[in-house]
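The values are calculated or read from the model by the stated rules, or taken from the named source; none is laboratory data. Remember, it's a predicted structure, so these values are computed and weren't measured experimentally. Here the Cβ positions follow ideal geometry from the backbone for every residue, glycine too, while neighbour counts run over all protein chains shown. The area values use the complete protein model at the heavy-atom level, side chains included, leaving out ligands, DNA and RNA. Shrake-Rupley method; radii C 1.70, N 1.55, O 1.52, S 1.80 Å.
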Amino acid sequence: MGLGKSLAAIAAIEYLHSLNYLSPKDEVFWVATKSALISVQLEYLKWGCKFPIKFFTYEGLKKYTETIDKGTIPPKVIIGDESHKLKHEKTQRTLSFAHVTRAMRKEHGNNCYILLMTGTPAPKSPLDWYSQCEIVRPGYLKEGTLHAFKERLAIIKQKENSSGAGMYPELITWRDDSTKCNVCGQN
């Protein structure tokens with residue numbers, strides 16, 4: 001928080017307008033948590049932005065996608081502020097955000113802009129990045145599923161149940177450091 005992400009995104013939108021990549025009729029959606037929205041709305045006013053933005057909370061975007069009329073043209077720009085809220089691919093907020101970005105690509109092709117910003121760059125699990133990557137650029141990660149992504153990044157060993165009635169997979173560590181052994185995870 002407070003690193004200037006909002007100002008950078010506002011500057012990017014202004015720049016797209018100056019190059020005529022965005023016309024005055026192109027919509028811009030800014031989606032964030034309630035507290036982040038208050039901050040960005042103040043920034044929007046403070047910097048005297050001339051382009052219109054539709055502000056949504058993640059819950060508000062979910063409601064919007066549920067009630068939108070068929071044939072409505074999707075925005076050309078969507079910004080997901082506090083995008084760590086989109087880390088679980090099956091949550092309603094993630095599904096609604098992904099729905100909008102798919103509609104954007106269908107309508108505008110590669111001439112649309114999807115920006116995700118977070119103040120949480122190091123999640124507890126690298127798996128938290130998967131759905132965010134799929135939202136921005138589907139297929140960019142070579143693994144086609146979250147499970148395959150985990151298989152590549154995790155060192156997992158089979159452990160015996162305490163009852164001795166079978167085995168279960170236990171996460172040992174993540175392959176997040178080149179000094180770790182790829183087999184045992186030790187440095």
Next on the checklist: Show me the three semi-axes of the equivalent ellipsoid for region 70-187, from the C-alpha gyration tensor (sqrt of 5 times each eigenvalue), largest first, rounded to whole Å.
Outcome noted: 35, 16, 12
Checklist outcome for this item: Once phi for every residue in region 8-16 is put through the Karplus expression 6.51 cos²θ - 1.76 cosθ + 1.60 (θ = phi - 60°), the whole-Hz ³J(HN,Hα) values, with Gly and Pro written as x, are 4, 5, 4, 4, 5, 5, 4, 5, 4
Checklist entry - For ILE172, which sequence-distant residues (separation of 5 or more, or a different chain) have an amide H within less than 5 Å of its own amide H, given hydrogens modelled in the peptide plane? => result ILE155, ILE156, LYS157
Checklist entry - Quick one: putting +1 on the C-beta of Lys and Arg, -1 on the C-beta of Asp and Glu, what dipole do you get for region 1-99 around its Cα centre, in Debye to the nearest 20? => result 140 debye
Checklist entry - Which whole-number value in Å² is the accessible area per residue of region 1-109, probe 1.4 Å? => result 58 Å²
Checklist entry - For region 1-63, what relative contact order do you get, as a whole percent, if you take Cα pairs closer than 8 Å and at least 6 residues apart? => result 40 percent
Checklist entry - How many percent of the accessible area of region 1-96 is carbon or sulfur, using a 1.4 Å probe? => result 59 percent
Item to check | Inter-part distance where region 84-145 and region 12-83 are each reduced to a Cα centre, Å | outcome: 16 Å
Item to check | Per-residue ³J(HN,Hα) for region 21-33, Karplus 6.51 cos²θ - 1.76 cosθ + 1.60, θ = phi - 60°, Hz, x for Gly and Pro | outcome: 6, 10, 9, x, 8, 5, 8, 10, 9, 10, 10, 7, 5
Checklist entry - Given Cα pairs under 8 Å that are at least 6 residues apart, what percent is the relative contact order of the chain? => result 16 percent
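Please calculate how many Å² of accessible area region 112-187 carries per residue, with a 1.4 Å probe and no DNA, RNA or ligand atoms counted.
Working: 5020 Å² over 76 residues.
On a per-residue basis, 66 Å².
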Checklist entry - Carbon and sulfur together cover what percent of the accessible area of region 128-178 at a 1.4 Å probe radius? => result 51 percent
Checklist outcome for this item: In the neighbourhood of SER131 defined by beta carbon distances under 9 Å, the net charge of the other residues (Lys, Arg +1; Asp, Glu -1) is -1
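Return the loop-located chymotrypsin sites (Phe, Trp or Tyr not before Pro) in region 104-137 (DSSP other than H, G, I, E, B) with at most 10 other Cβ atoms within 10 Å of their own Cβ; answer none if there are none.
Working: sites: TYR113, TRP129, TYR130; in loops: none.
When the chymotrypsin sites (Phe, Trp or Tyr not before Pro) of region 104-137 are filtered for loop state and at most 10 Cβ neighbours within 10 Å, nothing remains.
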Item to check | Surrounding net charge for GLU59, when Lys and Arg each add one and Asp and Glu each subtract one, Cβ distance under 15 Å | outcome: +3
